[in-house]
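I have placed the structure first, in the form of structure tokens, so that the comments after it can refer back to it.
The values are calculated or read from the model by the stated rules, or taken from the named source; none is laboratory data. Since the structure is predicted, the reported quantities are computational estimates derived from the model, not experimental observations. With ideal geometry, Cβ positions are generated from the backbone for all residues, glycine too; neighbour counts draw on all protein chains shown. Heads up: the accessible areas ignore ligands, DNA and RNA and are worked out on the full protein's heavy atoms, side chains in. Shrake-Rupley method; radii C 1.70, N 1.55, O 1.52, S 1.80 Å.
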Amino acid sequence: CISAREQHAAVRQLLANLTGDHYVGAQRANAVLVVDDYGDVRELVARVLENAGFIVNTAANGLEALIAAYEMRPGVIVMDVSMPVLDGIEATRLIKAAAATRDARVIAYTGNASFDDNLLGTLFAAVLRKPATPDAVLAMVRHVATG
């Protein structure tokens, strides 16, 4: 784990690098980034998707998600909305603003009943409500990955 100061420095560097179109690598449709600040949730979702044949990487907050998305170029991101350091909405805005990651399809993963559905379509490809069964997570990721 790196400190918050190191994370902030890393994201500043990452954002500086993402401003151009000089990145290498395309989106990988079978790659999924799972972002959640609760380790048990993150690992359960990752395991379900790995068992279904997806290539999976994880991140514990929005800042880690930015770095992982740039490195991995996932086709789908399962993004918790409420997290420390950088929340899922702001992380998704930054992911969508960068040429290297803007094509990733992001699923808002939230237990917040008052989630702003106006963000659906503009930032998020779909909304998955917590708690979700493993079958529901897998079905949603498959739908978004092929959609």
Report task. Considering every residue within region 139-146, establish whether at least one is closer than 22 Å to residue 47 by Cα, over 13 Å from the mean Cα position of the chain (by Cα), open to solvent by 10 Å² or more (accessible area, probe 1.4 Å) and among the β-branched types (Val, Ile, Thr). Result -> yes
Query raised in the report: Do we find a residue being closer than 20 Å to residue 126 by Cβ, among the hydrophobic types (A, V, I, L, M, F, W, C) and not in a helix (DSSP H, G or I) anywhere in region 70-77?
Result: yes
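On the given criteria, is residue 95 under 23 Å from residue 142 (Cα atoms), of a type in the set (Val, Ile, Thr) and open to solvent by less than 20 Å² (accessible area, probe 1.4 Å)?
Working: under 23 Å from residue 142 (Cα atoms): yes; of a type in the set (Val, Ile, Thr): yes; open to solvent by less than 20 Å² (accessible area, probe 1.4 Å): yes.
Spelling it out, residue 95 is indeed under 23 Å from residue 142 (Cα atoms), of a type in the set (Val, Ile, Thr) and open to solvent by less than 20 Å² (accessible area, probe 1.4 Å).
Are any residues in region 54-72 of a type in the set (S, T, N, Q) and either within 11 Å of residue 87 (Cα to Cα) or open to solvent by less than 20 Å² (accessible area, probe 1.4 Å) (or both), and if so, which ones? Before you say what the answer is, go through the steps one by one.
So the first thing to find is which residues in region 54-72 are of a type in the set (S, T, N, Q), and the list is 57-58, 61.
Listed by number, the list holds a single entry, 61.
Looking only at region 103-117, which residues are open to solvent by 10 Å² or more (accessible area, probe 1.4 Å) and either assigned to a strand (DSSP E or B) or charged (D, E, K, R) (or both)?
First, the residues of region 103-117 that are open to solvent by 10 Å² or more (accessible area, probe 1.4 Å): 103, 105, 109, 111-117.
Scanning region 103-117 gives 103, 105, 109, 116, 117.
Looking only at region 112-147, which residues are farther than 17 Å from residue 36 by Cβ and among the aliphatic types (A, V, I, L, M)? Break it down stepwise before answering.
Of the residues in region 112-147, the ones farther than 17 Å from residue 36 by Cβ are 113-114, 116-123, 125, 135, 139, 142-143, 145-147.
Scanning region 112-147 gives 113, 119, 120, 123, 125, 139, 145.
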Report summary line: Cβ pairs under 8 Å, 6+ apart or interchain, first in region 83-111 and closer than 12 Å to residue 70 by Cβ, second of a type in the set (Ser, Thr, Tyr) and in a helix (DSSP H, G or I), ordered by first then second residue, are 98/70; 100/70; 101/70
Query - Options 78, 32; residue that is touching a Leu at 6+ places or on another chain (Cβ under 9 Å) and within 14 Å of residue 132 (Cα to Cα) - result: 78
